[in-house]
Amino acid sequence: MKSDTAVPVKDAPKTDPRLKLIAARIKKENYKPDALIEILHTAQGAYGYLPIEVLTYIAKALHLPPSRVFSTVTFYHFFSLKSKGEHTCIVCTGTACYVKGAQAILNKLEQQFALKPGQVTKDNKLGVQVARCIGACGLAPAVVIDNDVQGKVNVEEIIQSINEKTGIL
């Protein structure tokens, strides 16, 4: 179902260039509800997560019920409703990584930054997450910091690497 009626960008903050990027993607997709996932990817790329206000804007622009947009976001693991942090640290907890020290890395991260998996520092600089497997078993234990896979690491190396990338410590 194609809609010729666009939701104007004036329904959202005009000063936010991220929203203009989303509006351009919606227009490029001809306001088709079938383009929801592509538009959500654009929004997540712009914001780093999907704020509720943005989901509401997308629902209006595509003439979709908000429940459909929200259910799509919560169904797919890639999408997030909360910020994952400016910098991310993903600790692999697959069998090989767990056996070779992933839990010690998680314990040190919790001790050093007061963060449990799924949490973000108050200044939104660092988010810690776990993954069941990142497919780097030969590098166990493996950690991904800002999309950079680091293998055969120890806790001190991870703390140093996070400090170098984020400047938190």
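Annotations for the structure displayed:
- Residues of segment 69-87 that turn out to be closer than 12 Å to ALA131 by Cα and among the β-branched types (Val, Ile, Thr), as a count: 0
- Single residue of segment 139-161 satisfying the filter (touching a helix residue (DSSP H, G or I) at 6+ places or on another chain (Cβ under 8 Å) and assigned to a helix (DSSP H, G or I)) that is farthest from THR95 (Cα to Cα): ILE159
- Taken together, GLY45, GLY135 contain a single residue that is in a loop (DSSP other than H, G, I, E, B) and among the small types (Gly, Ala, Ser), which is GLY135.
- Residue selected from segment 31-78 under the condition hydroxyl-bearing (Ser, Thr, Tyr) and in contact (Cβ under 8 Å) with a residue 24 or more places away in the chain, by the criterion surrounded by the fewest Cβ atoms within 10 Å (Cβ to Cβ): TYR76
- Complete set of residues in segment 120-132 that are surrounded by 17 or more Cβ atoms within 10 Å (Cβ to Cβ) and assigned to a loop (DSSP other than H, G, I, E, B): THR121
- Test for ALA104: is it surrounded by fewer than 16 Cβ atoms within 10 Å (Cβ to Cβ) and at pLDDT 95 or above: yes
The values are calculated or read from the model by the stated rules, or taken from the named source; none is laboratory data. Computed from a predicted structure; not experimentally measured. Cβ: placed from backbone, ideal geometry, glycine included. Neighbour counts: every protein chain shown.
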